[in-house]
Number of protein chains: 2
Amino acid sequence: MTLENAIAELYALQKKLAAYDHAEALIYYDGVTAAPRETADNRGAALSVLSEVVYKLTTGEETVSLLEFLDEHKQELDEKQQRMVYLMLKDIREMQKIPMDEYIAYGELLVKADDVWHRAKEASDFEMFRPYLEQIFETQKRFAKYIAPEMDPYDNRLSEYEEGLNKKTLDEFFSKVRSGIVPLLKKISEVPQVDDSIRFGNFPADRQEKFSYELMKIIGLDLGHVGLSTTEHPFTTSFGSHHDVRITTHYHEDDFVSSMYSVIHEGGHALYDTGSADDLAYTVLDGGTSMSIHESQSRFYENIIGRSRAFCNYIFPKVCEFFPKEMQGKTAEQLYIAVNKAEPSLIRTEADELTYSLHVMIRYELEKRVMAGELEVKDLPAEWNKLYKEYLGVDVPDDKHGLLQDSHWSGGLIGYFPSYALGNAYGAQFLSKMKKTVDVDKCIESGDFEPVNAWNRENIWKHGSLYTPAQLLERVLGEPFNADYYIEYLTEKVKDVYKIEV
Amino acid sequence: MTLENAIAELYALQKKLAAYDHAEALIYYDGVTAAPRETADNRGAALSVLSEVVYKLTTGEETVSLLEFLDEHKQELDEKQQRMVYLMLKDIREMQKIPMDEYIAYGELLVKADDVWHRAKEASDFEMFRPYLEQIFETQKRFAKYIAPEMDPYDNRLSEYEEGLNKKTLDEFFSKVRSGIVPLLKKISEVPQVDDSIRFGNFPADRQEKFSYELMKIIGLDLGHVGLSTTEHPFTTSFGSHHDVRITTHYHEDDFVSSMYSVIHEGGHALYDTGSADDLAYTVLDGGTSMSIHESQSRFYENIIGRSRAFCNYIFPKVCEFFPKEMQGKTAEQLYIAVNKAEPSLIRTEADELTYSLHVMIRYELEKRVMAGELEVKDLPAEWNKLYKEYLGVDVPDDKHGLLQDSHWSGGLIGYFPSYALGNAYGAQFLSKMKKTVDVDKCIESGDFEPVNAWNRENIWKHGSLYTPAQLLERVLGEPFNADYYIEYLTEKVKDVYKIEV
């Protein structure tokens, strides 16, 4: 095999994998958008075939010898090719450690678990879902031990979503979060709550949908390559490459703010994905480098930009165009105050910017303890409810509003939640850096997203997965990650919205 | 290889092919339903990978030796397995007879022809499309000779879509169609045209969509396994097996009847598909046995049931529920008359029940003569226009409304059109047989579709592709195919709607 041939084969293999990725992601997307209710098993049948092929393509002898050959010649590869080989070999070495039959069975388990979780949530019946969640946690523990027998299983899961992340880093991070946010919540509880009535009224879904497309255009998404659908839970996915990205939202007809910020959040993910350099398409470097960097972008657009006074000033006249009757007599300042109302609540996805990371912290605590064998799945609901009382001061009335609210665990995403909180913190540190060269508020107030997007594109998006999260942070920030920016950002926001001294 | 192993491999291979079929059909479906506008190339990248895998899976050495081994042991296979092996080998043996380079060149020709046809239709310029159509007809003649040197080339093409169908059968059939329908049209032209104004008005798409789901339920579709979307052109597809079927429609807000009958037509296809016996799922026997039997079901529900007085009486109160304002002062009888208005026209897909088969007959005549070398492609437009004048009495103003209207020829589907007309005639003969045991009108008038569906399910649907169309007809009817039923059915309809003596 010549090096030239091997490199050509490397790209051909990735193009093949991208085609399967396209098919699998689309089957999933279809399942939550257009598919009839009782077709999950049929999707499972196709996915089990495809995932077996992908498994063989990814870990088969031919692939392994190709990658090992390239790895031996890595000095002759360019930076991107080196990273491709590293990432693909890493996955293979991990997958080789998981028995094929267990890998396939797990795929089938997740398809069923997703279906059962939907029904269990509807019925608010944790017992229905419990056996599946037990199997998911057990499998995750087993897989972690197969992959890294020397490593703590939860550390291994965490590093799946963020290379190098571990409990030590997160324990420190969440300790800052707790000591920064809990006192702010206490201060707020001592002054009158702000008025958020502007967000409530009658907002027909079809008008909200039109407004969603307008928002997508405003934040700079290319609608020729980014689609919008409605699902129970908003998410972002891409099909095969960054040339076809889909975001989803969920409309509440009594509250336009909910979907508005979902669209901006998912739009942030889509900006990151579609911003990959074109030569990364159909390679493993296409799209974002980690979940937390992804969340840093989605929450940057949703919160740091979207809930700024500058953006509220810009967007309010548009809101009036779409919902003239409901906005009569209202002001941009009222919108700004309403979307920044901070109040302990039950549902993570509806949580405000201030309390959001506390919801994440609770999930982190619980996952950590289940993975360590210190907590049993059957005891999760009681522990969940206890921590919500302790950190947020709220009583959880039932499992639907408790631990059945999120789809992550039913999808096998153990170790994923912390990314959300880290992303918040990264975003605040990015903002501080961005402001050194971009007049962010001025741009946003005039609806000109391009300077902000250009900064993100140049510093973050175009690199795809070329750098690890740590490398990227280092390149962009020129200093280590520091959660103080995040706490400071939140403190300033609270002072401005609640007119209090902290 | 033991026989037992070979049989297990046969099922595993079909399950694999079903998964790829699921992926490919879904990628196509996504392209015409939810996909952003500029993502076609991205779908092309995935499809080119997947179709190459399917080609290798279908015709690869391993598959061929498996099927040949099973074919040698066919006496030991059950009826279904015999049929699977026969159908899969038939495709391979046909493909093996076509030189690979010609097969690839033809694929490339069709891609170009489709593009040119779109532009030629838009410009109403047959000359632009002519060279491509000439090559398509020439290739079809050549391929027919490769596949069956002893057979008439057009007979070979016809039997591609309907095993055993030939010109002799169709000449007799269309002769009956012509002598049955043309005089009816003449009679109609001598009396005042009926009033179809009830169908026109203001029918918002979202109301029509709700009505569509109601119609799907009424005709007995299982909404747990059959989905509905909107597309430019209505169609039915299934993903991997009959457990997930999708129909599409297109709403015209000024005419509720158009989508109503699209939904019932595609619903008929979906009833047939979902009616396959469960043990046929993930095999090549899943779904309908031929295009004409498929059309016999779709047009049975659309026309024979859907345009009956019984159905109009049943459905009219529902129409009133969905469109109370537009239906004020209207009657079920007016609906019945409106949906049975017969009038010669230019466009096949918009033709009424009476004239539809004449459109098909013209295409059949022309294909037959070109395939026999009796007519040159360059003379097709003049002949097309002449036959439209002769049979339908209409003047074709341009090629866009003439022979450029259908996509079939540009897609290489020579011999496909007759299925549409045969389907109509089969349906009428099925009805006559069904009426011996089911009081069809009484069932439909009360909205009870189950006895009708049970008859179709037991006689037609559950067998999937186990029998050839001819075998199926013989089993169901106990007598040969006879177009007299169809002509008699149409004659009765015309007498009833136009109050004339025939």
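Since every read-out is calculated from the coordinates, none of them should be taken as a lab result. Computed from a predicted structure; not experimentally measured. Methodologically, a virtual Cβ is constructed for each residue, glycine included, from the backbone with ideal geometry; neighbour enumeration extends over all protein chains shown.
Data table
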quantity	calculated
Within 10 Å of each Cβ in B:48-55, the average number of Cβ atoms from other chains	3
Label spacing, shortest first and in nm, from A:Lys318 to its equivalents in the remaining copies (7 angstrom along Cα→Cβ)	4.2
Alpha carbon Rg of chain A, scaled by the compact-globule rule 2.2 N^0.38 Å	0.97
Helix A:309-322 axis, angle to chain A major axis (alpha carbon atoms, nearest 10°)	80 degrees
Shielding by other protein chains, B:9-22, mean Cβ within 10 Å	3
Label point 7 Å beyond Cα along the C-beta direction, distances from B:Lys186 to other copies (nm, shortest first)	10.0
Helical contribution to [θ] at 222 nm, DSSP H n ≥ 4, -39,500 (n - 2.57), averaged over the protein assembly as shown, rounded to 500	-20000 deg cm²/dmol
Per-pair calculated FRET efficiency, R0 = 22 Å: B:Ala148 and B:Asp171 via Cβ, rounded to 0.05	0.65
Three-way shape label, region A:420-502, alpha-carbon gyration tensor, a/c 1.5	oblate
Chain B: angle of helix B:100-123 to the longest principal axis, Cα-based, in degrees nearest 10	20 degrees
Between region A:121-146 and region B:71-133, the Cα center-to-center distance that results, in Å	48 Å
Shielding score for A:146-153, defined as the mean number of other chain Cβ atoms within 10 Å	0
For B:His73, inter-copy label distances in nm, listed shortest first [label point 7 Å out on the Cα-Cβ vector]	4.6
Helix B:3-32 axis, angle to chain B major axis (alpha carbon atoms, nearest 10°)	50 degrees
Sequence ranges A:416-427, A:53-64, ranked by mean other-Cβ count within 10 angstrom, highest first	A:416-427, A:53-64
Using alpha carbons only: equivalent-ellipsoid semi-axes of region A:177-251, gyration tensor based, whole Å	34, 20, 11
Within-11-Å neighbourhood charge of A:Asp152 [Cβ basis; K, R +1; D, E -1]	+4
Between region B:300-319 and region B:203-238, the Cα center-to-center distance that results, in Å	16 Å
Positive minus negative residues near B:Asp254 (Lys, Arg vs Asp, Glu; Cβ under 12 Å)	-2
Cα centroid separation - region B:369-385 against region B:1-44, whole Å	38 Å
Region A:3-152: Rg to Rh, with Rh as the Kirkwood radius over Cα pairs	1.05
Descending Cα extents along the principal axes, the protein assembly as shown, whole Å	94, 73, 55
Peptide ranges A:2-10, A:439-447 listed from the most packed, as the mean C-beta count within 10 angstrom indicates	A:439-447, A:2-10
Cross-link pairs beyond the 24 Å C-alpha cut-off, checked among A:Lys121/A:Lys210; A:Lys400/A:Lys493; B:Lys56/B:Lys97; B:Lys16/B:Lys462	A:Lys121/A:Lys210; A:Lys400/A:Lys493
Evaluated at q = 0.12, 0.16, 0.19 Å⁻¹: base-10 log I(q)/I(0), Debye formula over Cα of region A:211-354	-0.50, -0.86, -1.16
